[in-house]
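Take a look at the structure below.
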Amino acid sequence: MPEFKIEQPVISLTLEEILPEYLEDELLIKNHFIRETAFTNTDCNNLIIEKSRLTKVDFTNSNFNRFECADCHFESCDFSNVEWIGAAFHRTIFKNCKLTGTNFAEALLQNCQFIDCTINYASFNFSQLKRVFFSECQLNFSEFSEVKWNHLELNHCELNKTNWIGTNLNKLNLSSCQFESLSLSPDLIKGFIVNYDQAIIVGLTLGLVLDEPLV
């Protein structure tokens, strides 16, 4: 998994010091270190964050319209139930973040990393994932339907009951991950890389019947 170099932010502030209550015009946050603050249950329009580091920031239940992010590092932040429909993320790292129920539908994620994050019940439906890496993340019950991806890696992640309907799984390697069941399209699994035990699970998902019980 590559390391993305992000410039050290030069200004240390809280969100209350830089964000108005409601964003009607485009606002650029650049070269900031934002720490230990809350910005919850809020609608934000036209927010752009560049070359910034956010640590222990709570964004839960917020709605971001026309959101763009580049060269940022989010650590120990809470994005639970955040709406990021159609957002764009470039060279962004999420480390030890909570993204339960987060909606990335129709978003573009390019050169992004998710490290040791909780992302259960999230949606990546209809998103574009280009060079995106998930490492030791919980993605149980998350949605990956109709995803267009190029160089997607999932290493040692929990993927139980994830939905991949309509997504081409050719060359996708889930052999290091854990799951008890998946939803997938039978016509899009050619070249799907799994381990021996996972192959049995995939076979059962496709309707195969074993002539002996699993041990």
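Largest first, the residues R91, R66 sort by 1.4 Å accessible area into R66, R91.
Once you order the gyration tensor axes a ≥ b ≥ c over the Cα atoms, which shape class does region 23-84 get: rounded for a/c under 1.5, otherwise prolate or oblate by comparing a/b with b/c? The shape class here is oblate. For the residues W149, W164, a 1.4 Å probe over the protein chains yields an accessible-area ranking, largest first, of W149, W164.
Per-residue Karplus couplings for region 135-140, computed as 6.51 cos²θ - 1.76 cosθ + 1.60 with θ equal to phi - 60°, are listed in order as 10, 6, 10, 9, 10, 4 Hz, Gly and Pro entered as x. Taking amide H positions as modeled 1.01 Å from N, with prolines and chain starts lacking one, the residues under 5 Å from C177 and 5 or more places away or on another chain are H156, C157.
Considering only protein heavy atoms and a probe of 1.4 Å, how much of the accessible area of region 156-195 is carbon and sulfur, as a whole percent? Carbon with sulfur: 46 percent of the solvent-accessible area. Since only F114, S181, H156 are under comparison, the one whose Cα sits farthest along the positive direction of the charge dipole of region 109-215, derived from C-beta charges on Lys, Arg, Asp and Glu, is F114. Accessible area of K148 (1.4 Å probe, protein heavy atoms only, ligands and nucleic acids ignored): about 130 Å².
So how exposed is S175, as accessible area in Å² (1.4 Å probe, rounded to 10)? S175 exposes around 50 Å² with every protein chain in place. For D187, the accessible area of its heavy atoms, probed at 1.4 Å with every protein chain present, is near 130 square angstrom. Taking a ≥ b ≥ c as the square roots of the eigenvalues of the Cα gyration tensor, region 41-133 is classed as rounded, since a/c falls below 1.5.
The values are calculated or read from the model by the stated rules, or taken from the named source; none is laboratory data. Nothing here was measured: the structure is a model prediction, and the numbers come from that model. Neighbour counts run over all protein chains shown; Cβ positions are idealised from the backbone, glycine included. All accessible areas refer to the heavy atoms of the entire protein, side chains included, with ligands and DNA or RNA removed. Shrake-Rupley method; radii C 1.70, N 1.55, O 1.52, S 1.80 Å.
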